[in-house]
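First comes the structure, then the notes that go with it.
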Amino acid sequence: MERLIENQILPKVLRTRDAGQREYAQDVDNVFANFERIAMAIDVDRERVLMTYLLKHIDGISAYTKGHKSQREDVRGRITDAIVYLMLLWAMVVEE
């Protein structure tokens, strides 16, 4: 299990976070830029925006655990994204 986490899961999570930073944040200095843009557009805080994105993946993971195996995205991708969102939420908490 430790080997799986260190050699496969964590590297995948970090690659996903890095790719998301480039694609979504569009700002090398502000990892939260996309959350802040959307929060401003819909008049909520960035944490709620993040939570909405996270819950989309949790919903897919929940469907998988209930037997819905044929999804657009492999459940491991959803799990990876959920981990990334939780790491970003942690960073938001630290920043406050």
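The values are calculated or read from the model by the stated rules, or taken from the named source; none is laboratory data. Computed from a predicted structure; not experimentally measured. Counting neighbours? That spans all protein chains shown, and the Cβs are built from the backbone with ideal geometry, glycine included. Please note that ligands, DNA and RNA were not included when accessible areas were found on the heavy atoms of the full protein model with its side chains. Shrake-Rupley method; radii C 1.70, N 1.55, O 1.52, S 1.80 Å.
Counting only protein heavy atoms and using a 1.4 Å probe, what share of the accessible area of the chain belongs to carbon plus sulfur, as a whole percent?
57 percent
Could you identify which residue out of VAL75, VAL13, VAL28 has the top mean-square fluctuation in a GNM of the chain using Cα springs shorter than 10 Å?
VAL28
How much accessible area does ILE42 have with a 1.4 Å probe, in Å² rounded to the nearest 10?
Solvent-accessible area, nearest 10 Å²: 110 Å².
Pop the C-beta distance of ARG15 and ALA63 into the FRET formula with R0 = 30 Å and round what comes out to the nearest 0.05.
Calculated value: 0.75.
Let a ≥ b ≥ c be the square roots of the eigenvalues of the Cα gyration tensor of the chain; is it rounded (a/c under 1.5), or, if not, prolate (a/b larger than b/c) or oblate?
The shape class here is oblate.
Please give the helix 33-42 orientation as an angle from the longest Cα principal axis of the chain, in degrees from 0 to 90, rounded to the nearest 10.
Long axis of 33-42 versus the principal axis of the chain: about 70 degrees.
Given the protein chains as shown and a 1.4 Å probe, how many square angstrom of ASP81 are accessible, to the nearest 10?
Accessible surface of ASP81 is approximately 40 Å².
Hey, what did the chain get for relative contact order, percent, Cα under 8 Å, at least 6 apart?
27 percent
How much accessible area per residue does the chain have, in Å², with a 1.4 Å probe?
Accessible surface, normalised per residue, equals 73 Å².
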